[in-house]
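What follows is a set of notes on a single structure, which appears directly below.
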Amino acid sequence: TAGGLNLTSYSEVMNGGSSGSVVISKNGAGSLIIKKMRNEDIPAMPNGNCCIDATLINKIEAWIDEGASP
């Protein structure tokens, strides 16, 4: 839980971390979690962006754009 961010449950993700919200409902591109996964924010997530497939990032962004419902 670096930066106070816990990704183990929906409610924890929506709570955000020490930097604030990581998901902005209906704004995937503006959400910190998407920016970090795409290396648009430093430090990237995961470190070095080694493990997250672009297709998965796009699906997460689409979910956020649709309102990020559980």
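The values are calculated or read from the model by the stated rules, or taken from the named source; none is laboratory data. In this text the structure is predicted, and so the values were computed from the model without any measurement. Just so you know, the surface numbers come from the protein's heavy atoms only, side chains and all, with ligands and any DNA or RNA stripped out. Shrake-Rupley method; radii C 1.70, N 1.55, O 1.52, S 1.80 Å.
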Over the chain, give the accessible area per residue in Å² for a 1.4 Å probe, as an integer.
62
By accessible area of protein heavy atoms, probe 1.4 Å, what ranking do Thr55, Thr8 get, highest first?
Thr8, Thr55
Setting aside same-chain residues fewer than 8 positions from Lys26, which aspartates and glutamates have a Cα under 15 Å from its Cα?
Glu61, Asp65, Glu66
Could you tell me which of rounded, prolate or oblate describes the chain, using a ≥ b ≥ c as the square roots of the eigenvalues of the alpha-carbon gyration tensor, with rounded for a/c under 1.5 and, failing that, prolate when a/b is larger than b/c and oblate otherwise?
oblate
Could you please state how large a percent of the accessible area of the chain is carbon and sulfur, counting protein chains only and using a 1.4 Å probe?
53
Any residue on another chain or 5+ positions along whose placed amide H is under 5 Å from the amide H of Gly17 is listed here as Val22
Put Glu66, Glu40, Glu12, Glu61 in order of accessible area, largest first, probe 1.4 Å, and you get Glu66, Glu40, Glu12, Glu61
